[in-house]
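The values are calculated or read from the model by the stated rules, or taken from the named source; none is laboratory data. Note that the structure is a prediction, hence the values are computed from the model and not measured. Neighbour counts run over all protein chains shown; Cβ positions are idealised from the backbone, glycine included.
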Amino acid sequence: MGKMLKHQRRGKGSPSYKSPGHRSKVDLRYRECDKQEAEGSFKGEITEFVDDPAHHAVLMKVLFENNEERILLAPEGALIGGRIEAGAKSELTLGGVLPLSSIPDGTSVYNVELRPSDGGKVIRSPGSYGVVVSKEEGKVLVKMPSKSVLLLDERCRAQVGVVSGGGRLDLPLMKAGTSFYIMNARNRRWPTVRGVHMCSYTHPFGGKGHHKGKSSCTARGTPPGRKVGHIAARAVGRRENRKKVKVE
């Protein structure tokens, strides 16, 4: 008897495919923006660095002067005992949280909000940063690491600096076990075996050498054991952009 396909096993549910939410130490979000932060500022001190399996970058624990403790993304160059500020009227400090309207043009930023008070959504990968390009009528242009430019509300908050952990992928893995533990921390099964390398009783594309032996297009209502490949695909292959020449 053949084995269940990987997506069948994953959909059925088991401890092997359990969500790793219990490993996460923190929900990385900015604090709720109140009147003090919107109109003033308050200072904080970096007390500890946190290694969270859910994030590749290093996190920092900050104790603010109002005895509130928050965990934020640490920038390159952050130190324990370092001072940061948060708020619209705060000074420009490494790792500080400010609205885009208070950040000068040309400043490197990260952990940027797409909408005011959404907690920070983009530019969170290790070593990445964006640049504040210009401001115009309540909007701010931010250049992303992909070189694209976003037009954001000036009330959106961001941190100043570059995300810590840059160059993480520069070193070679050296052995397969390292890759296994990296994927295990992200709850991804590794290694992934292609269907054409399996036996015919394990996968519909198996048992025929290194080719599928049949079309990879599959109907929407196909039984689970055959539902692999291009499911309900409109078209496959490269898209032809050439103009059709009418032959008279």
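Output the residues belonging to region 26-35 that are surrounded by 14 or more Cβ atoms within 10 Å (Cβ to Cβ) and free of Cβ contacts under 8 Å to residues at least 60 places away in the same chain. Break it down into steps so the answer makes sense when it comes.
Step one: of region 26-35, the residues surrounded by 14 or more Cβ atoms within 10 Å (Cβ to Cβ) are 26, 28-31, 33.
Of everything in region 26-35, those that are surrounded by 14 or more Cβ atoms within 10 Å (Cβ to Cβ) and free of Cβ contacts under 8 Å to residues at least 60 places away in the same chain turn out to be V26, R31.
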Flag if V122 is without any contact (Cβ under 8 Å) to a residue 40 or more places away in the chain and surrounded by 14 or more Cβ atoms within 10 Å (Cβ to Cβ): yes
Tell me which residues, restricted to region 20-60, are more than 16 Å from L98 (Cα to Cα) and of a type in the set (F, W, Y). F49
Can K25 be described as farther than 24 Å from V162 by Cβ, outside the structural domain of V133 (by TED's automatic domain parsing) and among the charged types (D, E, K, R)? no
Just the residues that are part of a strand (DSSP E or B) and either touching a residue at least 40 places away in the same chain (Cβ under 8 Å) or of a type outside the set (D, E, K, R) (or both), please, taken from region 43-68. K43, G44, I46, T47, F49, V50, L59, M60, V62, L63, F64
